[in-house]
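Accompanying notes for the structure given below.
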Amino acid sequence: MTTSDPTLDVLLEPTEDLRHRRYGSRLLRGLPKVVVGVSIALLVVIVAAAILAPLLAPYNPNTPDLLNPYAGPGAAHLFGQDSAGRDILSRILYGGRLSLLGPTIVILIAFAVGVPLGFAAAYSGGWTDIGVSRVFDLIFAFPALLLAIVIVATFGTSFYSAVFAVTVTYIPLMGRVVRSACLVERQKPYVEACRLQGYGSWRILVLHVAPNIGRILVSQTTLYFAYALLDLAALSFLGLGAQPPQIDWGTMLENANQGVFQSATGVIFPALAIVLLVVPLNFVADWTLEYNRAREERR
Amino acid sequence: MTVSEFQAPRDVRLALRRVSTSLRVGSQLRPVVIEIDLEVGAGEIVGLVGESGSGKSMTARTIADALPPGAAVSGEVLLGGENLLAMSRRRRREVQPSIGMIFQDPRAFIDPLWRVEDHLTEGLRVHRGLSRGEARVRAIELLDTVGIDQPERRIHQYPGEMSGGMLQRVMIAGALSVEPAVLLADEATTALDVTTQAGIVRLLDRLRRERGLAVLFITHDLALANAICDRVCVMYAGRIVEVRSGRRIFDDPRHPYTMGLLAARPRVDSRSHRLPVIHGTPINAMDAPPGCAFHPRCPYVLPECRSQPPPLVTVDGGVARCFRAEEGAARLSASSHVGPQADVALAVSEEGT
Amino acid sequence: MLRYLGIRLSTTVGVLFASTLIVFLLLHVGPGNPATLLNGGHAPNAATLKYFNARYGLNHSLPDQYVIWLGHLLHGDFGQSIAAHSSVTSVLAPRIGVTLLLTGYAVVLMSIFGVAIGVLSGVVRNGPFDLAATLGSLTFTAIPTYVTGVVFAVVFGVDLAWFPAEGGGDTGSLFTRLDHLTLPALALALSSLALVSRITRSAVIGELESDHVFGAKVRGFTRRRVVVKHALRGSMIPVVTIIGAQVGYLLSGAIVIEYAFGLNGIGTLLVQSVQGKDYAVVQAIALIVTFEFLFISLVVDLLYCLIDPRVRLAGGRT
């Protein structure tokens, strides 16, 4: 959801501001292992719960119970009921499916399109690079969410329209990461050495550059998955994404927000679902970044 | 017998007496400097030579109170007779301007966002209470002193607009601005090319003669130290192993480590295409073995070297910390099958920093 | 310096035109024809079609259409809102103040508190304050504005009733309006604030450990002087970058926050217009927000000039 990437700058200039030289010990030098472990466990549980929703959900998520709108949590409805009396727990479980499917599609397409574009721009240079970079710059000229909204306005409000719109904003993000990482990697002395030894540029790319960039991509993709999830949830929250009877956490949050004066607890669960997915994703991304950097330093 | 008994210059500006420094690494203290004795007189340049990790920079930082947090220091650091280590914090801050320090990389040590003028006048205004105008006049004089042309123009420039050699002169001017009694030059010429290096060395030499500045010249280049210093101290594993005045350290080294350093230099007159090396790798004070710290790498090792610390032996024009200090290089290599000259390898174990 | 300004200004203008081109082209790549899209998804009747043809030059070639459309834009004419049956300008005018006030308020909160917290935790590194600030920022950076907004409204607005949870924010004195906007602005700023404090902290630490700050310490200046004069200025360079980038994020985040709190700004209007297929309004708001975004980027680049002489010397960001 951010239009910039502080992590990217950090990645590309590790010596400039984040790597602490001299004798300073570093706070949270690598998150505590417990935090990372708990994060991964949480992610596994949430993904499994979404996949197994039909088995786990106690109710049909779309069956209204108009006699009990905004009922609080209780034995029959663990998380309570929403404005139409639907079971919130079941809706959270089912909502997880679309909430996870959306960013998965976004990242898969953005990866498939952005990574080759980034490689091509960095490796062929010249007009290809200028062309690709200009198109990327043009997309970056808009605040990302705004561009997504305008695209949705053009193609109509639906889940897939929202996914498409968000994908458009993530392709250049992905491409830029790969391009910059490639350029940085190419300037490193070992690549120069390989070239002097007469290795072909494809051999260098596949054997040396790709694995190094792969490490950056792992943490960056994790982070972008979290961002894409937030962007899609934002569109749903604005009523521009998934449409009823489809359920995702963004629409649930919007629905609960409409009735916030009737039931304050209604907003807690979809909000918690989003946060409990995104915060651990951030921690995991941070950890992979730190892990790779530590590896790099050890060499 | 201590090192300082040999060192007896006229007007002693800086004296170190049995100074030991340890750095905190995690929960333990690691010694980096061990019982160093050192004196620098007014108008004198004293060289401190050693490989990376030998403790030479930490010695300078001990003097300048610039050690990382958690470091422990013992002994006495005397500046004009006053012990820096026993002062109140307030007094210590007051005398800090008397210690000038210059570094290897001026581009890193001068704030890139500051004009040369701001860099030079800061000390004058803060420590000497000069007005902006007075300080500027003084700064222009200083730039002239260190040999920068057009100081009136240069003073308005940013570090990014100057060459490395010129910046080194700016750094020296900055250090001189508050008229320190002692100048610590920590590898101040290492990063410069040879001609620029010669210029800076000449400048330091002029400053100590004209201003009576006491200079501690830290370098890993024994030949350079020998060329400009009145006296050279060689450090190994946190200790000073040899102190010699004049050119004696070059012509007649007495410690096997010094001999190794000299032998490992490429020489124009040598027929051999391969350079001798000192066997093994340099160690820091922390990993020093019992006995003489150099014994695992020493080709002339005796049984007692492994068990007892060697005594400080008075030799011609200095001292050396070695059981065999009186023998000299010629006799040593004659007595040994594997003298340093016999070793062959392509490079020396010396590094730039 | 002037040359740099010139280059920077001309690229901004270039990107601005390119962004209008994208907004224009989107109208043509959408499903159905442009007239239908402009008419809220319905085929327009003869009179409306005649108006569209005249206003947008739809019967001309694509480049001509762009020139006609752009000509109207440059005269401040964004077309007609089909929902409000009046000009887009008259629909936008009363609402833009709320959005600017909200975003500006959030920018101020983010900059002041973000930098202050970051500097403090960088200076007292590894203390309890630093630990709390670091964990807090790691967490809050990841929480999206709409979640913060909704939760804030519930906790502070409804349960504690410290601030009004709802309300247009477009009426009353400036103080009443700010009072209404405090909660939304805080919700909007929070995750950016966390990020800004994180970047500030590492920038300050980086500077404090830099060689030139070490040199200043050796020269015997007080810690206060070393921190304030030597470390802070240099550390502001990445901070300005991140603040500039986050303003862009706040601009789009404001859309969501306005909607969440029911404020009468252009963000809420944008969402309503997308839902109501009022395409001319969508175009106008997209262009306005993008313009703000580019303008802020320009201001940030000029700030660089002030802070970093290297930028001035090199004639561009290095």
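We did not get these values from a lab; they are worked out from the coordinates using the rules stated. None of the values given here were measured: they were computed from a predicted structure. Neighbour counts run over all protein chains shown; Cβ positions are idealised from the backbone, glycine included.
Tabulated data for the structure shown
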| item | result |
| --- | --- |
| Nearest 10 degrees, 0 to 90: helix C:46-56 Cα axis against chain C principal axis | 40 |
| Set of lysines with alpha-carbon distance to B:K56 below 22 Å, sequence-local pairs under 8 removed | C:K217 |
| Choice from A:V163, A:V113, A:V34 showing the highest fluctuation, given a GNM over chain A with Cα pairs closer than 10 Å | A:V34 |
| Residue with peak Gaussian network fluctuation, chain B [Cα springs, cutoff 10 Å], from B:A175, B:A185, B:A198 | B:A198 |
| Cα-based shape type of chain A, given that a ≥ b ≥ c are square roots of the gyration tensor eigenvalues and the cut on a/c is 1.5 | prolate |
| Chain C - Rg over Rh from alpha carbon coordinates, Kirkwood radius | 1.06 |
| Whole-Å distance, taken between Cα centres, linking the range A:109-188 and the range C:66-86 | 30 |
| Cα-based Rg / Dmax (Å) for the range C:1-104 | 16.7, 56 |
| Under-5 Å amide H pairs with C:Q80, H placed in peptide plane, nonlocal only | C:V88 |
| Nearest 10 degrees, 0 to 90: helix B:116-127 Cα axis against chain B principal axis | 90 |
| Estimated vicinal HN-Hα couplings, Hz - the range C:124-136 in sequence order (Karplus 6.51, -1.76, 1.60; Gly, Pro = x) | 9, 3, 6, x, x, 4, 4, 4, 4, 5, 5, 4, x |
| C-alpha long axis of helix A:265-298 to longest principal axis of chain A, angle in ° | 20 |
| Estimated [θ] at 222 nm from DSSP helical runs (n ≥ 4, -39500 (n - 2.57)) normalised by residues in chain A, nearest 500 | -23500 deg cm²/dmol |
| Surrounding net charge for B:G75, when Lys and Arg each add one and Asp and Glu each subtract one, Cβ distance under 15 Å | -2 |
| Binned Cα-Cα distances of the protein assembly as shown, short to long, each 20 Å bin given as a whole percent | 12, 35, 30, 17, 6, 0 |
